[in-house]
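Asks: Dumping the structure here so I can ask a few things about it.
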Amino acid sequence: MAFDLGQMMEQMMGSMGGNGGSGGSSKGGKSSKNVVYDAAIVGYGPAGGVMATLLAEKHGLKVCIIDPNLEKRWIPNYGVWVEEWEALDKDLQIGLGDCLDLTWEVTDSFFGGSHGVPADERCRINRAYARVSRDKMQANLKARLAAAGVDKITGRVDAKTVEHSAEGTTMCLDDGKLINCRLVVDSSGHFSELVERVGEHNPGVQIAYGAEVEVKDGHAPYDENAMLFMDYRTDYVDDKSELSEKELRELDEIPTFLYAMPMGEAPNGRRRIFFEETSLVARPPISFDLCKERLYRRMKHHGIEVTKVMDEEFCYIPMGGAMPVLTQRVVAFGGASGLVHAATGYMHVRMLAASGGVARAIASELKKEGPGAPQAAARRAYQALWPAKAKLQRDFHVFGGEFLMAQQAPVLRGFFNGFFKLPTSLWAGFLSGYPNLPYNELHQTWQGRFGFGVQFFLKLAPAVQFQLALAGALNGWQYGLISAVSPLAAVEDAKDLQFDSEVEAIRSAAATTAAAPATATVSDGDDSDSSSGQGEGGAADAAKELVAA
């Protein structure tokens with residue numbers, strides 16, 4: 001869940017508008033100029049790598065990946081619940097089980113210091129947690145992509161050159177290379193210029209500073225055998241006279257927590273630990289410097305002596321914000337698609353949980369061939385990505401994220417102290433928050449979300465209950481809470497029942513357009529190129545009207 005800032009910013013800027021870059025040739029000496037791909041994946045991070053693997057290996061499609069940094073090491077390290085990872089490994093069958101680096105059987109959190117909870121009270125969760133090895137996952141997918149014949153093309157997609165037709169899409173890289181494909185899947189990240197969004201995109205942001213270090217005598221008072229999930233305490237300031245009045249206020253007003261992964265013994269006998277000080281979500285984001293300052297202040301308070309810093313990581317994760325337009329021709333996936341959990345920042349397992357269904361949807365429509373197949377594939381992919389039940393859950397999470405970023409540290413301590421006192425199935429289902437993940441079925445209906453909310457509310461301290469009730473009354477409608485936990489959800493659910501007819505309307509409109517030039521040729525006896533182009537645009541408009549209806 002953390003990033004190297006220099007690499008992150010380089011890849012982020014290179015990815016804007018299509019993971020572009022320095023041009024270059026496709027691998028294997030093939031020119032992309034005259035090759036028509038079934039799918040062009042823009043962006044080669046975990047999301048792009050997984051989608052390309054599934055489309056090529058599992059569905060036999062001709063696929064290319066476009067990215068300016070094809071051989072660069074992937075930046076983030078991801079933390080995951082083992083139960084979720086094992087479920088995805090079983091479902092996808094792409095070697096995920098071999099990609100875990102470290103595993104802890106228990107996780108610890110500390111939420112004391114408010115609402116009558118002692119400062120040293122530990123919240124222990126008996127649920128295994130793991131760290132995904134970015135190197136193992138990248139190597140695994142690299143081998144699978146090569147075996148499946150996926151072409152890797154170094155280059156930047158020029159967003160201004162993307163053109164869609166009934167048959168597919170053409171686009172140019174910044175060196176003039178032409179890419180012809182039937183469908184574009186954009187996995188270039190949160191700042192893509194290829195993806196159209198609904199309304200203003202103003203997400204909250206999770207910020208963290210992390211460091212993998214060697215320490216002299218362990219990291220007591222934390223358990224060497226437990227992953228530290230959250231320490232939200234603010235009692236690490238030994239001498240409050242060292243802080244200005246503003247800094248003292250910021251301890252509560254700008255809350256952060258410690259996240260730590262014990263990594264065993266280094267070759268020299270020292271203990272290796274990954275520490276990360278995190279701002280869960282804020283708008284605007286807080287500074288990396290503040291997180292770093294607080295991290296080292298915490299370690300000093302606990303007597304944790306760092307002898308060597310092996311790696312520094314900087315985390316920047318947009319959360320919430322605007323959804324992609326679900327009727328567009330470019331299929332957004334990963335960060336570009338709004339898959340980040342809007343109340344937690346988790347995305348990796350959600351991306352994996354969505355990938356199988358999206359890949360099947362794309363492949364099923366493209367293999368049908370016929371007029372309108374690319375547009376139908378895009379629409380079918382978005383339906384697999386964001387069915388009504390998933391969109392309603394996302395609304396529930398967006399409300400949660402907006403609530404969390406408005407609270408001070410004492411309320412957040414009380415919030416999470418109550419959250420983890422729920423039965424595991426309830427809080428785990430909320431954290432997963434997406435179909436195909438363990439316990440998510442408990443949150444997929446409005447009744448389930450309402451029941452979760454009631455049980456959660458009753459676990460909270462009165463002061464936290466007041467803040468949550470106030471937020472629901474003031475912002476519940478604006479952020480979709482009301483429809484997510486009431487019978488109004490049935491209105492969204494009903495839209496899914498019309499989806500098959502919508503896709504058929506897309507294909508029907510395209511078939512009508514395809515037939516129009518031939519009719520004109522017979523009746524008028526002249527060249528049909530211009531009438532073909534005009535009819536294509538008219539059919540596209542007609543299809544949009546049918547979709548809107």
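Asks: Condition check: modelled with pLDDT under 95 and farther than 21 Å from Met51 by Cα. Does Gly269 satisfy that? It would help to see each step written out before you state the result.
Replies: Working: modelled with pLDDT under 95: yes; farther than 21 Å from Met51 by Cα: yes.
Judged against the criteria, Gly269 is a match.
Asks: If you check Leu173, Leu183, Leu145, which single one turns out to be aliphatic (A, V, I, L, M), touching a helix residue (DSSP H, G or I) at 6+ places or on another chain (Cβ under 9 Å) and over 21 Å from Ala359 (Cα atoms)?
Replies: Among Leu173, Leu183, Leu145, only Leu173 is aliphatic (A, V, I, L, M), touching a helix residue (DSSP H, G or I) at 6+ places or on another chain (Cβ under 9 Å) and over 21 Å from Ala359 (Cα atoms).
Asks: Return a yes/no flag: does the stretch 319-333 have any residue that is on the phi < 0 side of the Ramachandran plot, of a type in the set (Gly, Ala, Ser) and crowded, with 21+ Cβ neighbours inside 10 Å.
Replies: Among the residues of the stretch 319-333, at least one is on the phi < 0 side of the Ramachandran plot, of a type in the set (Gly, Ala, Ser) and crowded, with 21+ Cβ neighbours inside 10 Å, which makes the answer yes.
Asks: Please state which of the following conditions Arg134 fails to meet, knowing it meets all the rest: (1) of a type outside the set (Val, Ile, Thr); (2) within 24 Å of Asn77 (Cβ to Cβ); (3) modelled with pLDDT of 95 or more.
Replies: Every condition holds for Arg134 apart from (3).
Asks: State whether the residues of the stretch 364-381 include one that is closer than 30 Å to Ile273 by Cα, in contact (Cβ under 8 Å) with a residue 40 or more places away in the chain and touching a strand residue (DSSP E or B) at 6+ places or on another chain (Cβ under 8 Å).
Replies: Initial filter on the stretch 364-381 (closer than 30 Å to Ile273 by Cα): none.
For the stretch 364-381, residues closer than 30 Å to Ile273 by Cα, in contact (Cβ under 8 Å) with a residue 40 or more places away in the chain and touching a strand residue (DSSP E or B) at 6+ places or on another chain (Cβ under 8 Å): absent.
Asks: Of all residues in the stretch 395-441, count the ones that are surrounded by fewer than 22 Cβ atoms within 10 Å (Cβ to Cβ) and of a type in the set (Lys, Arg).
Replies: 1
Asks: Another question, then. Looking at the stretch 211-256 only, could you name the residues that are modelled with pLDDT under 90 and more than 19 Å from Lys292 (Cα to Cα)?
Replies: Result: Asp217, Gly218, Ser241, Glu245.
Asks: Being at pLDDT 95 or above and surrounded by 12 or more Cβ atoms within 10 Å (Cβ to Cβ): is that true of Leu488 here?
Replies: So Leu488 does not fit the description; no.
Asks: Identify all residues within the stretch 452-467 that are in a helix (DSSP H, G or I) and over 17 Å from Asp395 (Cβ atoms); write none if there are none.
Replies: Val454, Gln455, Phe457, Leu458, Lys459, Pro462, Ala463, Val464, Gln465, Phe466, Gln467
Asks: Now, a different point. Of Ala159, Ala166, which residue is under 30 Å from Leu366 (Cβ atoms), in the same structural domain as Glu57 (by TED's automatic domain parsing) and surrounded by fewer than 20 Cβ atoms within 10 Å (Cβ to Cβ)?
Replies: Values: Ala166 fails: surrounded by fewer than 20 Cβ atoms within 10 Å (Cβ to Cβ).
After applying the criteria, what remains is Ala159.
Asks: Here's something else I'd like to know. What strands (runs of 3 or more DSSP E), lying completely within the stretch 256-373, carry at least 2 residues that are aliphatic (A, V, I, L, M) and out of contact with any helix residue (DSSP H, G or I) (no Cβ under 7 Å at 6 or more places or on another chain)?
Replies: Working: elements: 257-265, 271-282, 306-319.
Once the strands (runs of 3 or more DSSP E) in the stretch 256-373 are filtered for at least 2 residues that are aliphatic (A, V, I, L, M) and out of contact with any helix residue (DSSP H, G or I) (no Cβ under 7 Å at 6 or more places or on another chain), what remains is 257-265, 306-319.
Asks: Among the residues of the stretch 405-436, which ones are of a type in the set (Lys, Arg) and not in a loop (DSSP other than H, G, I, E, B)? Working first, answer last.
Replies: Residues of the stretch 405-436 of a type in the set (Lys, Arg): 413, 421.
Hit for the stretch 405-436 is Arg413, nothing else.
Asks: Find the residue count for the stretch 473-491, including only residues that are in a helix (DSSP H, G or I) and either free of Cβ contacts under 8 Å to residues at least 24 places away in the same chain or more than 17 Å from Val398 (Cα to Cα) (or both).
Replies: Of the residues in that region, 5 qualify.
The values are calculated or read from the model by the stated rules, or taken from the named source; none is laboratory data. Fair warning: this is a prediction, and the values are worked out from it, not measured in the lab. Using ideal geometry, Cβ is built from the backbone for each residue, glycine included, and neighbour counts are taken over all protein chains shown.
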